[in-house]
DNA sequence: GCCCAGGACCTAT
DNA sequence: ATAGGTCATGGG
């Protein structure tokens with residue numbers, strides 16, 4: 001029973017314009033943890049109560065053999081050398097293939113991937129004299145801020161603290177398989193219909209004890225998870241209320257949760273509530289700010305989408321080696 | 001063995 | 001208010 005290896009039938013896929021949209025970059029940008037690259041170079045993401053398979057068609061001159069097994073040097077930038085000119089070519093020619101219906105794309109995934117937002121206006125708004133920011137933005141031009149589930153972001157970024165991305169993914173997958181709903185795809189002629197697990201609901205996660213979490217390797221964050229699940233299930237903090245709040249109110253409300261400090265609250269606001277003005281400052285960002293912006297980062301120049309720039313910077317600092 | 005990873009909590013001042 | 005110590009786990 002082969003689970004992968006065969007190229008998917010192209011008639012199952014819908015085609016989507018990939019302007020300023022790189023699955024590779026989004027997957028490696030540290031904002032989502034359940035988007036994974038497959039052996040054949042395609043990706044899958046589990047979100048919105050289902051699994052989506054997708055892949056990106058590169059311009060033919062860059063990838064001569066599309067189905068050749070690519071070396072899993074996962075964070076290879078699509079642009080080589082200095083980016084500004086080549087990235088434009090890449091944007092124009094890129095197409096995303098998604099294995100969903102046109103209706104699911106319109107009602108679910110279009111919003112999830114934030115395809116209604118024009119990211120070119122972010123890219124072109126950068127101060128020409130800010131060479132660092134220009135390089136960062138050019139390097140990560142395919143990044144978008146996904147519209148992910150609020151509850152999943154709360155738990156994911158509590159786990160993220162003082163942790164590395166590989167282990168964050170592992171921890172999240174562990175709690176999904178232990179507490180989330182198992183989905184067995186009803187076989188629809190696809191060879192890739194292995195089962196998967198949804199992210200656990202607050203009620204599902206609240207059944208766990210701190211000892212169970214510790215036994216699963218979640219470490220000192222186990223208490224935070226128990227306390228936070230309890231706070232949400234009890235209604236002490238309301239997810240629906242959070243969704244109605246503006247950024248300052250939501251941030252203040254999130255700080256009531258155990259294990260949520262300033263940085264994690266900003267990540268939740270940015271990735272779970274799509275408050276693009278949230279600017280999470282972690283160890284990487286802090287180092288960049290002190291090294292490249294000794295007189296302060298020009299927040300006022302980018303009011304309303306500071307968080308988008310933060311994500312370009314984070315990805316650039318994490319993956320470019322600069 | 002040490003240091004770091006998308007930090008936050010607890011306690012003492 | 002703010003500074004320092006502590007917290008699990010895994011990989012380099």
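Do you know which residues across the stretch A:121-153 are surrounded by fewer than 17 Cβ atoms within 10 Å (Cβ to Cβ) and farther than 30 Å from residue A:294 by Cβ?
Matches in the stretch A:121-153: none.
Quickly run through the stretch A:300-318 and pick out the residues that are under 23 Å from the mean Cα position of the chain (by Cα) and more than 10 Å from DNA strand B (Cβ to nearest atom).
Of everything in the stretch A:300-318, those that are under 23 Å from the mean Cα position of the chain (by Cα) and more than 10 Å from DNA strand B (Cβ to nearest atom) turn out to be A:302, A:303, A:304, A:305, A:306, A:308, A:309, A:312, A:316.
Which of the residues spanning the stretch A:266-289 are within 16 Å of DNA strand C (Cβ to nearest atom) and either in a helix (DSSP H, G or I) or closer than 22 Å to residue A:48 by Cβ (or both)?
Once the filter is applied, which keeps residues that are within 16 Å of DNA strand C (Cβ to nearest atom) and either in a helix (DSSP H, G or I) or closer than 22 Å to residue A:48 by Cβ (or both), the stretch A:266-289 yields A:283, A:284, A:286.
Check whether at least one residue in the stretch A:195-203 is part of a helix (DSSP H, G or I) and surrounded by 13 or more Cβ atoms within 10 Å (Cβ to Cβ), and report yes or no.
Looking for residues that are part of a helix (DSSP H, G or I) and surrounded by 13 or more Cβ atoms within 10 Å (Cβ to Cβ), one finds at least one in the stretch A:195-203, hence yes.
Residues checked against (1) within 15 Å of DNA strand B (Cβ to nearest atom); (2) touching a helix residue (DSSP H, G or I) at 6+ places or on another chain (Cβ under 7 Å):
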position: A:136; (1), (2): yes, yes
position: A:143; (1), (2): yes, yes
position: A:148; (1), (2): yes, yes
position: A:163; (1), (2): yes, no
position: A:185; (1), (2): no, no
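Can you name every residue in the stretch A:219-233 that is under 10 Å from residue A:209 (Cα atoms) and more than 9 Å from DNA strand B (Cβ to nearest atom)?
Scanning the stretch A:219-233 gives A:222, A:225, A:226.
Kindly indicate the residue of the stretch A:20-46 that is outside any helix (DSSP H, G or I), modelled with pLDDT of 95 or more and out of contact with any strand residue (DSSP E or B) (no Cβ under 8 Å at 6 or more places or on another chain) and also surrounded by the fewest Cβ atoms within 10 Å (Cβ to Cβ) among those meeting that condition.
Top of the filtered list is A:30.
Would you mind finding the one in A:220, A:224 that is without any contact (Cβ under 8 Å) to a residue 24 or more places away in the chain, within 18 Å of residue A:168 (Cα to Cα) and within 15 Å of DNA strand C (Cβ to nearest atom)?
Being without any contact (Cβ under 8 Å) to a residue 24 or more places away in the chain, within 18 Å of residue A:168 (Cα to Cα) and within 15 Å of DNA strand C (Cβ to nearest atom) holds for just one of A:220, A:224, which is A:220.
Please work out which one of (1) modelled with pLDDT of 95 or more; (2) away from DNA strand C (no atom under 16 Å from the Cβ); (3) within 20 Å of the chain's Cα centre (by Cα) is the condition residue A:131 fails and give its number.
So the condition that residue A:131 fails would be (3).
Within the group A:80, A:87, which residue is more than 18 Å from residue A:20 (Cβ to Cβ) and modelled with pLDDT under 95?
Unique residue meeting the criteria: A:80.
What are the residues in the stretch A:253-278 that are surrounded by fewer than 24 Cβ atoms within 10 Å (Cβ to Cβ), closer than 18 Å to residue A:225 by Cα and more than 11 Å from DNA strand B (Cβ to nearest atom), if any?
A:253, the sole residue that qualifies.
Go over the candidates A:206, A:241 one by one and state the one that is free of Cβ contacts under 8 Å to residues at least 40 places away in the same chain, touching a helix residue (DSSP H, G or I) at 6+ places or on another chain (Cβ under 6 Å) and away from DNA strand B (no atom under 16 Å from the Cβ).
Among A:206, A:241, only A:206 is free of Cβ contacts under 8 Å to residues at least 40 places away in the same chain, touching a helix residue (DSSP H, G or I) at 6+ places or on another chain (Cβ under 6 Å) and away from DNA strand B (no atom under 16 Å from the Cβ).
Out of A:250, A:229, A:241, A:208, which single residue is assigned to a loop (DSSP other than H, G, I, E, B) and either away from DNA strand C (no atom under 16 Å from the Cβ) or surrounded by 12 or more Cβ atoms within 10 Å (Cβ to Cβ) (or both)?
Just a single option satisfies the conditions, and that option is A:208.
Determine if the stretch A:163-172 includes at least one residue that is within 16 Å of DNA strand C (Cβ to nearest atom), more than 25 Å from residue A:51 (Cβ to Cβ) and assigned to a helix (DSSP H, G or I).
No: the stretch A:163-172 contains no residue that is within 16 Å of DNA strand C (Cβ to nearest atom), more than 25 Å from residue A:51 (Cβ to Cβ) and assigned to a helix (DSSP H, G or I).
Can you confirm whether residue A:322 is at positive phi and outside any helix (DSSP H, G or I)?
no
The values are calculated or read from the model by the stated rules, or taken from the named source; none is laboratory data. What you are looking at is a predicted structure, and each value in this text was computed from that prediction instead of being measured. Note that each Cβ is placed from the backbone with ideal geometry, even for glycine, and that neighbours are counted across all protein chains shown.
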